[in-house]
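Contents: one structure, followed by commentary.
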Amino acid sequence: MRPEAGEWLKQAEYDLETAEAMWKAGRYVYTVFMCHLAIEKGLKAVIAERTGTIPPKIHNLVRLTKLAHVNFGVDKKRIHFNLEHGRDWNPVSRIPGPGYKKIFQESCFRIPE
């Protein structure tokens, strides 16, 4: 494994461990946020490994999935839906205001048809 890819993967694992700790503490907004970071860094590890280049400084999981050439097989529609709609809760989860918790919960638990 390329050293750069290994570093991205190491950071992704750390973020996933942090997400687990946040879950156990009942800090669900941070759990989701840390899961997003773990997925993002995991995809950047794949990009670094496959291309030998520095991954782009973007946070869009759908775009990163395409750049990493990841094939999800039969669950592609469901996974793409979840990655695409994850963008909806990312800013909402960090900006408090009237009704933000309801918006956050609704966006996290939408299921594709």
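The values are calculated or read from the model by the stated rules, or taken from the named source; none is laboratory data. All values reported here derive from a predicted model rather than from experimental measurement. Glycine gets a Cβ as well: all are built from the backbone with ideal geometry, and neighbour counts include every protein chain shown.
Data for the structure
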| quantity | calculated |
| --- | --- |
| Among (1) part of a helix (DSSP H, G or I); (2) at pLDDT 85 or above; (3) of a type in the set (Gly, Ala, Ser) - the single one GLY86 does not satisfy | (2) |
| Per-region count, segment 1-25, residues in a helix (DSSP H, G or I) and either farther than 18 Å from LYS44 by Cβ or of a type in the set (Gly, Ala, Ser) (or both) | 9 |
| Test: residue in segment 53-69 that is modelled with pLDDT under 85 and part of a loop (DSSP other than H, G, I, E, B) | no |
| Members of segment 17-44 found to be of a type outside the set (D, E, K, R) and more than 21 Å from PRO56 (Cα to Cα), listed by number | THR18, ALA19, ALA21, MET22, TRP23, ALA25, GLY26, TYR28, VAL29, TYR30, THR31, VAL32 |
